[in-house]
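Reviewing the structure listed below.
Read the figures in this text as sums done on the coordinates, not as results from a lab. This structure is a prediction, so every number in the text was calculated from the model and none was measured. Quick reminder, even Gly has a Cβ in these numbers, built from the backbone with ideal geometry, and neighbours come from all protein chains shown.
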Amino acid sequence: MIPKKDILDFYKKSPFSTKLYIKIKLRICPLLAVETHFPARGTVLDLGCGNGVFSSLLKMGSPERTVVGIDLDPNKVRQARLLEARFEGLSFREGNIAESEYPAADIVSLIDVLYLIPYEVQERILRRAFAALRPGGVLLLKDMDTRPRRKYAWNYFQETVSVKIVGFTLGSKFYFRSREDYIRLLEGIGFKVEPVPLDRGYWYPHIFFRCKKPE
Ligand SMILES: C[S@@+](CC[C@H](N)C(=O)[O-])C[C@H]1O[C@@H](n2cnc3c(N)ncnc32)[C@H](O)[C@@H]1O
């Protein structure tokens, strides 16, 4: 696992707001554990990459990954692009992942993105991800479960504050799915799905799905 200190050192010269965001994110979200599930090499398409923090973690974890991030929010993409000069094989572009073209990939990641997107559009994105993956490729999906209920309620409250009140992320409604619902959807698309609960030690119902496209 990448040491937390290495990440904080990497962002040492970044604006205070970025450093604060990273400290909070690393405390409340198992991003470092998620990174360990990614293959060490291959082309990663990071859908809904935001300000590029997770995409850059992927490069810190293994320079043999080529990472392409796409996000809808021009301000976040502008911030993310500042990271391009610090790694070879890291690039970002602005786009709506429900519509823009995906390059062929070995790995597709969706980290805390789908809950902001209406259910029917989620399905469209997952089908497009399946089509973009090479046979044997993986979709790595991190979202929030609807159980345990107390963690779900806390997450709902916190997301309401950050999305609807602070305006931290684009969106106005939430579209959470239960673990069983995700498995049904992903298997229906053709993936072999392995759910990995990642909520132990966190207040949030983090859930991760490793989804393999058959060879
Ligand atoms: C909670 S943030 C997660 C960012 C990043 N994946 C991370 O873990 O740090 C959700 C991101 O999804 C992006 N997003 C939401 N809907 C999108 C869409 N239709 N196309 C592209 N990006 C989208 C938002 O702009 C936001 O940056």
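A few comments on the model shown:
- Peptide packing: for 8-16, 128-136, the average count of neighbouring Cβ atoms within 10 Å per residue gives the ranking 128-136, 8-16, highest mean first.
- Amide proton proximity set for Gly69, modelled H, under 5 Å, gap of 5+: Asp46, Ser91, Phe92, Arg93
- Calculated [θ] (222 nm, deg cm²/dmol) that DSSP helices of n ≥ 4 give over the chain, each run adding -39,500 (n - 2.57): -10500 deg cm²/dmol
- Of Lys59/Lys173; Lys76/Lys212; Lys12/Lys151; Lys25/Lys173, those spanning more than 25 Å from alpha-carbon to alpha-carbon: Lys59/Lys173; Lys76/Lys212; Lys12/Lys151
- Net dipole in debye of the chain [+1 Lys, Arg Cβ; -1 Asp, Glu Cβ; about Cα centre; nearest 20]: 660 debye
- Our note on the geometry: Cα centres of the stretch 50-71 and the stretch 91-133, 15 Å apart.
- Karplus-derived 3J(HN,Hα), 6.51/-1.76/1.60, for each residue of the stretch 101-106, Hz, glycine and proline x: 6, 9, x, 4, 9, 8
- Bridge type composition, the stretch 30-212 - antiparallel percent by DSSP, nearest 5: 40 percent
- Student exercise, the stretch 105-207 dipole from Lys, Arg, Asp, Glu Cβ charges, in Debye to nearest 20: 140 debye
- D (Stokes-Einstein, µm²/s), Kirkwood Cα radius, the stretch 30-212, 1.002 mPa s at 20 °C: 130 µm²/s
- Distance between the modelled labels on Ala104 and Glu215, one decimal in nanometres: 1.8 nm (7 Å Cα→Cβ projection).
- Working from Cα pairs under 8 Å separated by at least six residues, relative contact order for the stretch 126-215 is 45 percent.
- 5 angstrom amide H check on Thr43, placed H, neighbours 5+ away: Thr66, Asp106, Ile107
- For peptides 31-40, 205-214, sequence by mean Cβ density within 10 Å, most packed first: 205-214, 31-40
- A protection proxy built from the mean count of other Cβ atoms within 10 Å ranks the segments 64-72, 48-56, most packed first, as 48-56, 64-72.
- Residues with amide H under 5 Å from that of Gly137, placed H, sequence gap 5 or more: Lys213
- Summary value for the chain: 18 percent relative contact order, contacts being C-alpha pairs under 8 angstrom separated by 6+ residues.
- Length-normalised contact order of the stretch 91-141 in % [C-alpha pairs under 8 Å, at least 6 apart]: 53 percent
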